[in-house]
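Since the structure comes first, as structure tokens, the remarks are kept for the end.
Derivation of every value follows stated rules applied to the coordinates shown; laboratory data play no part. If you're wondering where the values come from, they're calculated on a predicted model, not measured in any experiment.
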Amino acid sequence: MVKKVRANVEVLLPHVQAGRKIVVPAPTCSYTMRKEWPLYVDSPDVRAVSAATMDLMQFLDGLRREKKLKLILAQNPDWADLSLEWQESLGWNLVPEAQSRLKRKARRG
């Protein structure tokens with residue numbers, strides 16, 4: 001694990017030093033990076049990367065709180081159709097009930 005932490009920090013540190021946040025897809029990933037990495041490797045570089053790490057929802061919530069997140073999807077009645085087309089293009093198959101619910105929600109606005 002120590003080798004992996006050091007290798008990841010080596011790649012991520014220049015981004016942190018440039019003032020960027022490290023956004024990871026899942027809370028468990030961000031928890032590991034923020035809380036456990038410094039336990040494996042106690043160094044200023046690891047602590048810097050850990051401090052700059054957050055999960056996707058924390059990042060989006062931060063944008064919302066700063067009024068920098070524009071929620072255009074909820075305002076667009078065609079969003080459901082676009083979303084379904086996008087999901088189908090990715091090979092995702094929503095059950096019909098989910099498709100109907102998504103379309104109704106988008107049209108209600």
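Backbone geometry of the stretch 9-21 corresponds, through the Karplus equation with coefficients 6.51, -1.76 and 1.60 at θ = phi - 60°, to 3J(HN,Hα) couplings of 5, 4, 7, 7, 4, x, 5, 5, 5, 7, x, 8, 8 Hz, x marking Gly and Pro. Coupling constants for the stretch 42-57 follow from the phi torsions by the Karplus curve (6.51 cos²θ - 1.76 cosθ + 1.60, θ = phi - 60°), and in residue order they are 8, 8, x, 5, 5, 5, 5, 5, 4, 5, 8, 8, 8, 8, 4, 5 Hz; glycine and proline get x. Under 5 Å between amide hydrogens, built in the peptide plane, is the criterion, and for A52 it picks out nothing among residues at least 5 positions away or on other chains.
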